[in-house]
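One structure below.
The values are calculated or read from the model by the stated rules, or taken from the named source; none is laboratory data. Treat the numbers as computed from the prediction; the structure is a model and nothing was measured. Don't worry about glycine lacking a Cβ; one is built from the backbone with ideal geometry, like all the others, and counts go over all protein chains shown.
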């Protein structure tokens, strides 16, 4: 077994051993987006022999589905795939019945922010209408099912840091609603780290963030009007092996892997000034499990490390790992203007104290380890 797989398996086994196996054993779990980044990790952990849940994955109807993320899992007897589509209500009702679902994880989404600027209708259709169809299918199915909706930190939109920042953003956007809170001296109160009670602003967000917020609102409507058992998380930037190449952590680690393999010296990226809060995907999955076990119906929980770093700092951490482990020197950054977004939130740092208190959740896997595994993952794909 390769060093990459050994390290990755050690981290994954540690995560599996943190699962409440007594709760999940023999549970029937339906997953939309099973072939995606988070869906594949959720499947790997829940279908493990230690946890032994029964997994049914909704596989979009297409001639050649991309199974790469779950190919290594398909020989497990507790995993089955059924064809369906978020835009086809009948197939969703059938999936709920055929899987005999106790829990549904709705992870299928158009989640790449730059694509949402280029294709907003596709983004809203997938994320809003698709979620509405899942909710309506659940309403029409006479089963006692818990649904997890995977929200996003992008829903918060613009996070105001101080008075000068507020004035600068007013100058840029003309109006900001909701208006931030002020202290007794008329200074803006810093809204970071972001709590679940922070305003959800349209200003500064993307079509992706807007679509996720609208879908989340639909979830709460179905809770209050129809009594559905829906549990909501807003995960901040989660990453790890199998993350799509278009996301910044994969852009960095993939290009570093190319540098190691091909003596490639240039790394092209977009904005390096944005501050983001990174969590390993396996810790995020732990939060997804915990919210079903312990979360309140209709409530929302941030999943975040509470630590913000700039993309420039993320790049430097990754380059330091390349220097230490692979003796790679002289890699340099070049701006790729095509990667710049029409709007880019300057700061997204989460406060996950509610999840820590109510769900007994925490992020255990250090960012350095995640980055090492991602570089090794990309190297394994190149071998």
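Number of residues in the stretch 30-76 that are farther than 26 Å from residue 246 by Cβ, over 19 Å from the mean Cα position of the chain (by Cα) and touching a residue at least 12 places away in the same chain (Cβ under 8 Å): the value is 10.
Being without any contact (Cβ under 8 Å) to a residue 60 or more places away in the chain and either assigned to a helix (DSSP H, G or I) or on the phi > 0 side of the Ramachandran plot (or both) holds for only one residue in 221, 249, and it is 221.
Every condition in (1) over 30 Å from residue 162 (Cα atoms); (2) in contact with a helix residue (DSSP H, G or I) (Cβ under 6 Å, 6 or more places away or on another chain); (3) crowded, with 19+ Cβ neighbours inside 10 Å is met by residue 288 except one, and the failing one is (2).
Count of the stretch 310-326 residues, restricted to those that are free of Cβ contacts under 8 Å to residues at least 40 places away in the same chain and within 18 Å of residue 279 (Cα to Cα), is 3. Against the list (1) modelled with pLDDT under 95; (2) more than 18 Å from the chain's Cα centre (by Cα), the condition residue 298 fails is (1). If residue 223 satisfies every condition in (1) touching a helix residue (DSSP H, G or I) at 6+ places or on another chain (Cβ under 7 Å); (2) at pLDDT 95 or above; (3) buried (at least 17 other Cβ atoms within 10 Å of the Cβ) but one, which is the exception? The failed condition is (1). The set of residues from the stretch 339-359 being surrounded by fewer than 19 Cβ atoms within 10 Å (Cβ to Cβ), more than 15 Å from residue 266 (Cβ to Cβ) and modelled with pLDDT under 85 comprises 340, 341, 342, 343, 344.
Mind telling me which of the residues 268, 233 ends up being in a strand (DSSP E or B), touching a strand residue (DSSP E or B) at 6+ places or on another chain (Cβ under 8 Å) and either modelled with pLDDT under 95 or closer than 21 Å to residue 312 by Cβ (or both)?
It is 268.
Give, as residue ranges, the helices (runs of 4 or more DSSP H) completely inside the stretch 119-205 that count at least 3 residues that are without any contact (Cβ under 8 Å) to a residue 12 or more places away in the chain, over 28 Å from residue 299 (Cβ atoms) and out of contact with any helix residue (DSSP H, G or I) (no Cβ under 7 Å at 6 or more places or on another chain).
The helices (runs of 4 or more DSSP H) meeting that bar are 163-173.
Conditions tested, residue by residue: (1) within 23 Å of residue 154 (Cβ to Cβ); (2) assigned to a helix (DSSP H, G or I); (3) at pLDDT below 95; (4) under 21 Å from the mean Cα position of the chain (by Cα).
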position: 285; (1), (2), (3), (4): yes, yes, no, yes
position: 306; (1), (2), (3), (4): yes, no, no, yes
position: 322; (1), (2), (3), (4): no, yes, yes, no
position: 325; (1), (2), (3), (4): no, yes, yes, no
position: 328; (1), (2), (3), (4): no, no, yes, no
position: 361; (1), (2), (3), (4): yes, no, no, yes
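Every test in (1) closer than 30 Å to residue 172 by Cβ; (2) surrounded by 20 or more Cβ atoms within 10 Å (Cβ to Cβ) is passed by residue 373 save one, and that test is (1).
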